[in-house]
Amino acid sequence: MKLDNPPRKPFVARGAGVRRCEGCRLPQEVCICEWRTTVPARCQFWLLTHRYEFYKPTNTGRLIVDSIAHTRVFEWSRTEPSSELLTALADERYTPCLVFPAGEDYQHRMVDSLSSDSRIPVFIILDGTWRQARRMFRHSRYLQDIPVIEPKTDRLSRYQLRRSKIDHHLCTAEVAVALLEQVGDVAAATHLEEYFERFNSGYIATRRRWAGREPE
């Protein structure tokens, strides 16, 4: 991920002994790096990533970084947001919008689409488990004045590497695909979806060889 001085530590969990590609983090025998190319898009994605996500091979946020130009990654903090994020939010070149399901208590912040003016549309995706994302949304005061958009999609998640009790809870990469389709950028959506499918199928094909599961 394109992050200034990202925290790094060994991945220690079930499956940690698997020999992984340093680029895509998949098991080496199903490396997808040869298909990793970046394409331009009509919007930008900023990933506000929970610190625990940095270390998970199952994280799909990096697929957006690898596929869609100008994607940025910021580490989430409840009380000390990164100065780079605050600077980006104040930059008048962008129209940022927070991606999250609709809710009655913040209905006044909900929008159906981003501004059609000359500014660059930006989707801020909370990159973490559903429980982490809810905490990030509720407890980040610096996000409370940002408009909120819910992806308009009938998609059901095809992501099989983590369990979700609700079918419409898409993984991070699937959310980005849905948003690209929503803004009419079919080419970028298709490109990211194809890369995600390679990641998903490759991981599943090798996972049965491991004892246990990756952490949720």
**Item:** Single condition residue 53 does not satisfy, out of (1) in contact (Cβ under 8 Å) with a residue 60 or more places away in the chain; (2) touching a strand residue (DSSP E or B) at 6+ places or on another chain (Cβ under 7 Å); (3) outside any helix (DSSP H, G or I)
**Value:** (3)
**Message:** Tell me yes or no: at least one residue of the range 68-82 is surrounded by fewer than 18 Cβ atoms within 10 Å (Cβ to Cβ), without any contact (Cβ under 8 Å) to a residue 24 or more places away in the chain, of a type in the set (Val, Ile, Thr) and assigned to a helix (DSSP H, G or I).
**Reply:** no
**Message:** I'd like to know if the range 33-41 contains one or more residues that are over 24 Å from residue 187 (Cα atoms), buried (at least 18 other Cβ atoms within 10 Å of the Cβ) and in contact (Cβ under 8 Å) with a residue 40 or more places away in the chain.
**Reply:** no
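Just checking, does the range 5-15 include any residue being at pLDDT below 90, among the aliphatic types (A, V, I, L, M), over 23 Å from residue 178 (Cα atoms) and in contact with a strand residue (DSSP E or B) (Cβ under 8 Å, 6 or more places away or on another chain)?
Within the range 5-15, the subset at pLDDT below 90 is 5-15.
Still in the running and among the aliphatic types (A, V, I, L, M): 12-13.
Next, from what is left, pick out any that are over 23 Å from residue 178 (Cα atoms): 12-13.
With in contact with a strand residue (DSSP E or B) (Cβ under 8 Å, 6 or more places away or on another chain) added as a condition, the list becomes none.
No, the range 5-15 contains no residue that is at pLDDT below 90, among the aliphatic types (A, V, I, L, M), over 23 Å from residue 178 (Cα atoms) and in contact with a strand residue (DSSP E or B) (Cβ under 8 Å, 6 or more places away or on another chain).
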**Request:** Quickly run through the range 106-136 and pick out the residues that are touching a residue at least 40 places away in the same chain (Cβ under 8 Å) and in a strand (DSSP E or B).
**Result:** 110, 120, 121, 122, 123, 124, 125, 126, 127
**Single unsatisfied condition, residue 158 versus (1) within 21 Å of residue 61 (Cα to Cα); (2) out of contact with any Pro (no Cβ under 8 Å at 6 or more places or on another chain); (3) at pLDDT 90 or above; (4) not polar (S, T, N, Q)** = (3)
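The values are calculated or read from the model by the stated rules, or taken from the named source; none is laboratory data. Note that the coordinates shown come from a computational prediction; the quantities given were computed from them, not determined experimentally. No Cβ is skipped: glycine too gets one built from the backbone with ideal geometry, and neighbour counts run over all protein chains shown.
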